[in-house]
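FYI, it's all coordinate maths here, none of it is from the lab. Worth saying up front: this structure is predicted, and the values here are computed from it rather than measured. Using ideal geometry, Cβ is built from the backbone for each residue, glycine included, and neighbour counts are taken over all protein chains shown.
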Amino acid sequence: MTNNGTEKTSYDVIIVGGGPAGLCAAMYAARGMIDALLIERGLPGGELLNTELIEDYPGFESILGRDLAKKMTSHAEKFGASIVTDTVDAIEKMEDGEFEVRTQLGKTYRSAAVILTAGGTPAKLGIPGELEYAGRGVSYCAVCDGAFFKNETIAVIGGGDAAVEEANYLTRYGTKVYLIHRREEFRASALLQDRTFNNPKIEVIRNKVVEEIEGGPTGATGLVLKDTKTGERSNLAATGVFIFIGFSPNSGLIKGHFEHDAGGYVITDRHMMMSIRGLFAAGDLRVQLTRQITTAVGDATTAAIAVEKYLAERTAEAKAPVGTA
Ligand SMILES: Cc1cc2nc3c(=O)[nH]c(=O)nc-3n(C[C@H](O)[C@H](O)[C@H](O)COP(=O)(O)OP(=O)(O)OC[C@H]3O[C@@H](n4cnc5c(N)ncnc54)[C@H](O)[C@@H]3O)c2cc1C
């Protein structure tokens, strides 16, 4: 049951974050009879709770994000996973090789292994209409939501690799894709720019910021743009608005040095173990090609099974006579 009143503070493994990766890791760990605790700061489900319809999770042709979140949570709990509501402030490996996981409610938990599944946060424009039409035209994921905009007009906002690559991807669905950037020069690689800018379905709009996302009962209908040089305002009709202005992996909780890429995404080995032994990572905060529910649960499956092996190795090492471990 989800609660925050557990008195027990020592576990085999602590899972930080209750999105698809965390819930899957908790389900595998509990079913594998590993003493596991999952700590989630909000309602379990992660980004599933910000997603309307999911059409690409095998076995479910179409399911609401919140319904899949409930199913994943009850599946983990059915096998006995403990879930508490609290925010993790710090994960630190101590001198004795165990981890301390410290929380906002003032708890300090201990475990031999930790699986970090805290996901990440897509950067927001912070403009009127963005929240209101999120999931009803506004999206932060082209692979997830592109198919909902077949034969519609799509606007993509951003100037980095993600925006340029995803604009190109979205031309398979939209009749027209506008790529809107606040500057003249794009940060995206020359190769990506070349491919995207030569796509006849793409129209590049430079030196314009989006001031507002407009819409109605059916969802987003268009954008209000402002020219950064002249200050002139204009309107652009679009029913799909894809925002790619950055994504921050929630890896800042880890105390101590760990390997990561330039964007802060965590680097793991094939067992999902990070450069800190005993600390595993799964899902959106890990360096990988794509970020989907299927990849998050795939990572989590590997991590949970790898933790089982790691715990067994630790036990064997502890039992080995001195000098043989
Ligand atoms: C709008 C949108 C639509 C999407 N649609 C689809 C789709 O249709 N199909 C698809 O396959 N994928 C989709 N995705 C991508 C998919 O949702 C993610 O890839 C997936 O949720 C990643 O799972 P995760 O568990 O790694 O991270 P998350 O889902 O982000 O979960 C991380 C969890 O960690 C918790 N957390 C973070 N920090 C702390 C802390 N300090 N203490 C405690 N808890 C913490 C968060 O509250 C959150 O619940 C979509 C994403 C978005 C944003």
> For the residue pair GLU98 and LYS309, what label-to-label distance in nm results when each label sits 7 Å from Cα along the Cα-to-beta-carbon direction?
Replying inline: 2.5 nm
> Given Cα pairs under 8 Å that are at least 6 residues apart, what percent is the relative contact order of the stretch 138-243?
Replying inline: 30 percent
> What lysines sit close enough to LYS8 to cross-link, taking a C-alpha to C-alpha distance under 16 Å and skipping anything fewer than 8 places away on the same chain?
Replying inline: LYS107
>> Checking the cross-link filter: which aspartates and glutamates have an alpha carbon closer than 13 Å to that of LYS70, excluding same-chain neighbours under 8 positions apart?
In response: GLU47
> Which whole-number percent is the relative contact order of the chain (Cα, under 8 Å, 6+ apart)?
Replying inline: 19 percent
>> Once each part is reduced to its C-alpha centroid, what is the distance from the stretch 241-257 to the stretch 138-206 in angstrom?
In response: 22 Å
> How about the stretch 218-255: which trypsin sites (Lys or Arg not before Pro) there lie in a loop by DSSP and see at most 16 other Cβ atoms within 10 Å?
Replying inline: LYS229, LYS255
> Ranked from highest to lowest mean number of other Cβ atoms within 10 Å per residue, what is the order of the peptides 126-139, 169-182?
Replying inline: 169-182, 126-139
> List the GluC sites (Glu not before Pro) in the stretch 61-99 that DSSP assigns to loop (not H, G, I, E or B) and whose Cβ has at most 11 other Cβ atoms within 10 Å. Which are they?
Replying inline: GLU61, GLU95
>> Using the Cα centre of the chain as origin and beta-carbon charges of +1 (Lys, Arg) and -1 (Asp, Glu), tell me which of THR121, LEU23, ALA134 is placed farthest towards the positive end of the dipole.
In response: ALA134
> Looking at the chain, what % of its DSSP beta bridges pair antiparallel, to the nearest 5?
Replying inline: 45 percent
>> Could you tell me how far the Cα centroid of the stretch 54-117 sits from the Cα centroid of the stretch 288-312, in Å?
In response: 13 Å
> Hey, quick one: spin label on ASP194, modelled 7 Å out along Cα-Cβ, who in the stretch 138-171 has an amide N within reach, i.e. under 16 Å?
Replying inline: 165
> What full-extension length gain, to one decimal in nm, is calculated for LEU53 and THR121 as 0.36 nm per residue of separation minus the Cα-Cα distance?
Replying inline: 22.5 nm
>> Spelling out what I want: for every residue of the stretch 145-153, take phi, set θ = phi - 60°, compute 6.51 cos²θ - 1.76 cosθ + 1.60 (Karplus), and round to whole Hz; glycine and proline get x.
In response: 10, x, 5, 7, 10, 4, 6, 10, 9
> How long is the gain from THR294 to LEU43 if the chain were fully straight, where each residue apart is worth 0.36 nm and the alpha carbon distance is subtracted?
Replying inline: 88.3 nm
> Once the piece of chain linking THR87 and MET33 is laid out straight, how much longer is it, given 0.36 nm per residue of separation minus the C-alpha distance between them?
Replying inline: 16.9 nm
> Counting pairs of alpha carbon atoms under 8 Å apart in space and at least six apart in sequence, what relative contact order in percent does the stretch 81-148 give?
Replying inline: 17 percent
> What is the set of long-range amide H partners of LEU105 at a cut-off below 5 Å, with H atoms built 1.01 Å from backbone N?
Replying inline: THR87
>> Tell me which cysteines of the chain come out unpaired when the rule is another cysteine's Cβ under 4.7 Å.
In response: CYS24
>> Restricting to lysines 8 or more places apart or on different chains, can you count the pairs in the stretch 138-243 with Cα atoms under 17 Å from each other?
In response: 5
> What are the residues whose amide H is under 5 Å from the amide H of THR221, where those residues sit 5 or more places off or on another chain and H is modelled from the backbone?
Replying inline: GLU214, GLY215, GLY216
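Dipole size in debye (nearest 20) for the stretch 138-243 around its Cα centre, Lys and Arg Cβ +1, Asp and Glu Cβ -1?
160 debye
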